[in-house]
Every structure is written in C-alpha cells, then in structure tokens.
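Asks: Attaching a single structure in structure tokens format; questions to follow.
The values are calculated or read from the model by the stated rules, or taken from the named source; none is laboratory data. No experiment lies behind these values; they were computed from the predicted model shown. Here Cβ is always computed from backbone atoms with ideal geometry, including for glycine, and neighbour counts include all displayed protein chains. The area values use the complete protein model at the heavy-atom level, side chains included, leaving out ligands, DNA and RNA. Shrake-Rupley method; radii C 1.70, N 1.55, O 1.52, S 1.80 Å.
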Amino acid sequence: MTRIAIIGGGISGLAAAFALEEHRRAGTVEYTLYDSSPNLGGVLRTEHIDGYIVEAGPDSFITEKPWAADLCRTLGLADQLIGSNDVDRKTYILVRGRLIPMPDGLMFMVPTKILPTGFSPLFSWGTKLRMARELFHPPRASDADESIAALVDRHYGAEMVDRLADPVLSGIYGGEAASLSVRAILPRFAEMERTHGSLGRAMLAARKKLPRPTNKTAAPLFTSLKNGMQQLVETLVARLNPNSLLTNAPVESIQPRTGGWSVSAGLKSEHFNAVILALPALASAKLLSTSSPELSAELAAIRYSSSITVGLGYDREVRQSLPAGFGFLIPRSEGKRLLAATFVHNKFPHRAPEDRALLRCFFAGSNAENIWQLSDDAIIAIVRNELQQILGLRVAPLLARVYKWKSAMAQYGVSHLDRLDRIERLRQQLPGLALAGNGYRGIGVPDCVRSGQDAAKQVTGIP
C-alpha cells in the first residue's frame with residue numbers, strides 16, 4: 001500500500017486528500033493530512049451573523065476556471081452554486097475623491113468601445129489620445145518577462161497604470177503592477193502584443209471570432225455557494241476519512257529516506273512513500289532546507305502579501321443610499337489606506353437580508369502591514385472614516401468583523417515562470433515530493449483545487 005503525507009489543510013491539501021480518498025477506499029492508498037491549526041480550510045472561512053453571510057477570506061471564484069465548480073458538483077453541491085448578480089455589475093474607481101464608473105467595453109485595461117471610453121471622466125484627454133494611438137502599436141517579440149506596469153505604461157501611459165491596472169491587481173493579488181509578472185499573470189497580453197502589437201486590435205479581433213450570442217444566458221463572472229465558501233470545506237471534510245485528518249499537528253521536519261520520506265510532527269515520526277507540501281512556499285522552503293537547500297532557496301524567493309478584510313453590516317437606509325454596482329477600487333495615488341470595497345448585497349443578493357447592506361473592505365500589502373498591529377476597533381475606525389470620505393457614510397454599522405491573513409497572497413514577481421521551471425527541475429530530484437498551493441500557477445480557489453488534484457496524481461501516478 002502507498003502511504004502519502006499531505007502537509008497543509010487548506011483547500012489545496014483538502015483537494016489532494018479528496019483525490020486520494022477513492023483509492024484509500026479501494027485499499028491501494030493510505031494518506032494522513034497534517035495541519036497546524038485547529039480548523040481545516042485555511043482562508044475559506046464563513047461566519048453567519050444575524051442573517052448576514054460574512055466571508056473572512058475569498059467570497060467567490062472565477063466561473064471561467066472550472067476546477068472549483070466541478071469539485072462542488074462532484075461533492076453533490078451543484079444546487080448550492082450561485083452566480084454573481086451580473087445585471088448590476090458595475091465597478092467604480094476613486095478619482096480625486098469621486099467614484100467614477102469604469103466605462104463599458106473596457107476589458108481589464110483594454111478599451112474595446114470607443115464612445116464609452118472617450119466620454120468617460122476616468123481618463124484625461126492625454127490618456128484617451130494614447131488609447132487611439134495604441135491601435136497602431138507595432139508587434140513586439142520578446143522572450144524577456146517584465147512587470148505589468150511596464151507593459152501597460154508602454155501601451156497606454158502612466159495614468160492607466162495608476163487608475164486601472166494597479167487598483168485591479170491590488171484587489172485580486174494584493175500586489176502592485178510594478179512588481180507583478182506579465183507572463184505569469186497576463187500571458188494572453190504578452191501574446192497579443194507579440195502577434196498584433198496593439199492590445200486593442202488584438203482584443204477586437206478575438207471578439208470577432210467569438211460565436212454570435214444566442215438566447216442562452218451568459219455564465220456569471222463569479223460563482224459562490226449559498227451558505228458561503230466554508231460550505232465547500234465542510235462538505236469536503238465530511239467525505240474524507242476522519243482518522244486521516246490531524247489538526248493542531250504542525251510538521252516540524254521532513255527528510256528523504258530509502259523508499260520515501262520521514263515526517264516528524266510532535267514526538268512522532270512516520271514513514272511515507274510520498275509527501276505533498278500544500279503550504280505557502282516559504283513554509284515549504286523551511287521544511288526542505290536540509291534535504292534540498294537549492295529548492296528551499298527558490299521557494300523562499302516567492303514573496304507573499306498580507307491582507308486584512310473588514311465586513312460591515314448596515315440597515316435599509318444605507319442600502320438605499322449606496323451606488324448600484326459591485327463596489328469600488330482605490331488607486332494608491334488617492335492617498336487612502338483602503339484598496340477596495342465590495343457591495344456584497346449587490347454582488348451576491350443571498351449574502352444579506354433584503355433590507356440590509358453588507359460591505360466588504362480590503363487592505364493588502366504595505367497598506368495592511370502599516371495597520372497590522374492596531375486593534376480591531378482601530379482598524380474599523382479607519383474603515384469608517386474613509387467610507388465617510390468616499391461615500392458620505394456616517395452611521396455606525398450594525399455589525400463589524402476584522403479578519404487578518406498574514407502572508408497569505410502569493411506575489412508572482414517578474415521572472416516567476418523561470419523560477420517555477422527551476423523549482424520543477426529541483427523537485428524532480430526528490431522522488432515522491434509534490435508541491436501544491438497558491439504560490440505557483442494561480443492564486444484563486446479553482447487554481448488551488450487543481451494544484452491539489454495534480455499533486456495527488458503526481459505522487460500516485462494514477463491519472
């Protein structure tokens with residue numbers, strides 16, 4: 001029988017365990033999952049408070065990436081999947097203290113409709129002229145990676161970086177456009193520049209190739225679960241062997257041994273044929289520091305960003321006073337500490353009673369680190385002050401919750417893919433080792449699910 005250790009009980013580790021569970025029941029595989037915390041699921045955590053469904057971590061996942069939704073269906077949760085309310089999807093950008101809606105036809109930062117962008121106050125006339133000239137941008141073939149800010153600046157100028165690219169990336173990755181990799185995060189844009197030159201022309205050409213719309217309803221941009229993202233964790237855990245799940249069990253060391261690995265947790269060491277490290281890259285680096293200093297160094301070089309999420313519940317009057325749409329993003333040039341806020345009751349109507357409002361406010365990176373040591377009350381006071389400045393929101397919330405996630409968001413820096421190639425070559429020198437998690441090829445829930453499933457296939461050889 002093949003014995004496998006899974007170290008890390010977030011969604012990546014749980015997905016790996018579930019991929020192994022069928023083989024455990026067939027008697028061909030035995031696994032043990034170790035997690036240092038008392039609760040499994042990592043950042044997927046939901047609180048139910050007075051009719052509100054408050055997400056401490058991710059509130060949804062991208063529908064286009066299938067792995068999380070497919071896992072939910074396999075678990076029997078198909079009827080629990082809910083889509084975002086895209087009829088009311090509108091995102092605002094704070095510019096000089098005013099909330100300006102992102103114009104129609106703007107695909108990430110590429111304008112595909114002339115009139116909405118031309119009349120939008122989001123951009124200066126100088127940037128609008130850059131957009132027009134961008135249509136004549138020549139193809140640019142380069143094998144070198146660069147930052148997203150460098151690519152956007154080259155095509156559209158610094159204002160587009162400040163007002164759009166950086167806020168969007170801050171909201172997703174908790175990072176800055178100046179340090180994030182084009183090839184790791186926006187490979188399609190690098191390819192469009194290589195083949196078309198102009199990102200605008202490439203996007204328009206791609207749209208022409210799309211099938212004509214039918215009466216079929218388009219898939220929502222985001223998907224979640226009726227009772228919150230923790231519902232996925234709870235359902236997964238219920239389908240796993242409880243004797244294989246060890247909580248409050250930090251792994252102190254792993255060492256390659258003849259025919260496998262020795263895993264030490266507490267006073268007990270066990271032998272396994274294979275190990276799946278479903279941890280942040282830095283934590284994996286520490287466990288591999290003696291068995292492969294080179295691999296450890298590469299893993300340790302993957303940076304992570306901390307984040308703070310604040311959930312605020314309000315009454316009917318606040319709900320009626322807020323703008324329509326999903327929320328707003330804040331450029332760093334506005335001088336706020338908040339990076340983004342979501343109007344959850346608009347994005348997912350199931351998340352709050354019909355006569356209440358639910359806001360989700362977000363800090364990340366240096367903005368989060370600068371207030372990390374403050375009390376929850378002090379952080380809530382900062383949020384309320386900035387919401388008053390932005391929305392004129394003065395009333396006290398009916399509920400307020402603060403959630404802190406230290407070094408939880410992987411930052412894919414320039415040349416990240418080159419580092420992954422080196423990591424893979426070094427990993428292959430350690431038979432029976434697999435890596436999973438958000439540090440490698442995607443930070444979202446679907447990517448983490450896929451990474452856990454792929455790790456399970458790697459260590460078993462079972463397709």
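Asks: Quick one: Arg163 ticks every box in (1) touching a residue at least 60 places away in the same chain (Cβ under 8 Å); (2) open to solvent by 30 Å² or more (accessible area, probe 1.4 Å); (3) part of a helix (DSSP H, G or I); (4) over 28 Å from Ser12 (Cα atoms) except a single one, so which number is it?
Replies: Failed condition: (2).
Asks: Can you tell me which residue is farthest from Gln388 (Cα to Cα) among those in the range 71-96 that are open to solvent by 40 Å² or more (accessible area, probe 1.4 Å) and small (Gly, Ala, Ser)?
Replies: Across the range 71-96, the extreme among qualifying residues is Gly76.
Asks: Could you tell me which numbered condition Ser407 fails, if it satisfies all but one of (1) part of a strand (DSSP E or B); (2) of a type outside the set (Lys, Arg); (3) open to solvent by less than 30 Å² (accessible area, probe 1.4 Å)?
Replies: Looking at each condition in turn, Ser407 falls short on (3).
Asks: Closer than 30 Å to Gly325 by Cβ, of a type in the set (A, V, I, L, M, F, W, C), modelled with pLDDT of 95 or more and touching a helix residue (DSSP H, G or I) at 6+ places or on another chain (Cβ under 7 Å): does that describe Phe61?
Replies: Yes; evaluated as a whole, the condition is true for this residue.
Asks: Taking the range 141-160 only, how many residues are under 14 Å from Phe123 (Cα atoms), touching a residue at least 40 places away in the same chain (Cβ under 8 Å) and among the acidic types (Asp, Glu)?
Replies: Number of matching residues: 0.
Asks: Ok, one more. So, in the range 326-344, exactly how many residues are in contact with a strand residue (DSSP E or B) (Cβ under 8 Å, 6 or more places away or on another chain) and closer than 22 Å to Pro103 by Cα?
Replies: 13
Asks: Is it fair to say Ser269 is in contact with a Ser or Thr (Cβ under 9 Å, 6 or more places away or on another chain), of a type in the set (Ser, Thr, Tyr) and at pLDDT 95 or above?
Replies: The answer is no for Ser269.
Asks: What residue, of Asn227, Asn248, Asn241, is over 29 Å from Lys90 (Cβ atoms) and either among the aromatic types (Phe, Trp, Tyr) or open to solvent by 70 Å² or more (accessible area, probe 1.4 Å) (or both)?
Replies: Sole residue among the options that is over 29 Å from Lys90 (Cβ atoms) and either among the aromatic types (Phe, Trp, Tyr) or open to solvent by 70 Å² or more (accessible area, probe 1.4 Å) (or both): Asn248.
Asks: Within the range 216-240, track down each residue that is in contact with an Asp or Glu (Cβ under 7 Å, 6 or more places away or on another chain) and either closer than 19 Å to Phe18 by Cα or among the β-branched types (Val, Ile, Thr) (or both).
Replies: Step one: filter the range 216-240 for residues in contact with an Asp or Glu (Cβ under 7 Å, 6 or more places away or on another chain), giving 220-221, 224, 228-229, 239-240.
Within the range 216-240, Met229, Arg239, Leu240 meet the criteria.
Asks: Determine, yes or no, whether Leu75 is farther than 20 Å from Ala340 by Cα and free of Cβ contacts under 8 Å to residues at least 60 places away in the same chain. Let's see the steps before the verdict.
Replies: Details: farther than 20 Å from Ala340 by Cα: yes; free of Cβ contacts under 8 Å to residues at least 60 places away in the same chain: no.
Against the criterion (farther than 20 Å from Ala340 by Cα and free of Cβ contacts under 8 Å to residues at least 60 places away in the same chain), Leu75 does not qualify.
Asks: Could you say which residue among Leu417, Leu435 is over 30 Å from Val29 (Cβ atoms) and either crowded, with 16+ Cβ neighbours inside 10 Å or touching a helix residue (DSSP H, G or I) at 6+ places or on another chain (Cβ under 9 Å) (or both)?
Replies: When all the criteria are applied, what remains is Leu417.
Asks: For the range 101-123, which positions are at pLDDT below 90, open to solvent by 20 Å² or more (accessible area, probe 1.4 Å) and within 21 Å of Gly327 (Cβ to Cβ)?
Replies: Asp104, Leu106, Met107, Phe108, Pro116
Asks: Within the range 371-394, which residues are within 23 Å of Arg316 (Cβ to Cβ), open to solvent by less than 70 Å² (accessible area, probe 1.4 Å) and either touching a helix residue (DSSP H, G or I) at 6+ places or on another chain (Cβ under 6 Å) or outside any helix (DSSP H, G or I) (or both)?
Replies: Answer for the range 371-394, where residues must be within 23 Å of Arg316 (Cβ to Cβ), open to solvent by less than 70 Å² (accessible area, probe 1.4 Å) and either touching a helix residue (DSSP H, G or I) at 6+ places or on another chain (Cβ under 6 Å) or outside any helix (DSSP H, G or I) (or both): Gly392, Leu393.
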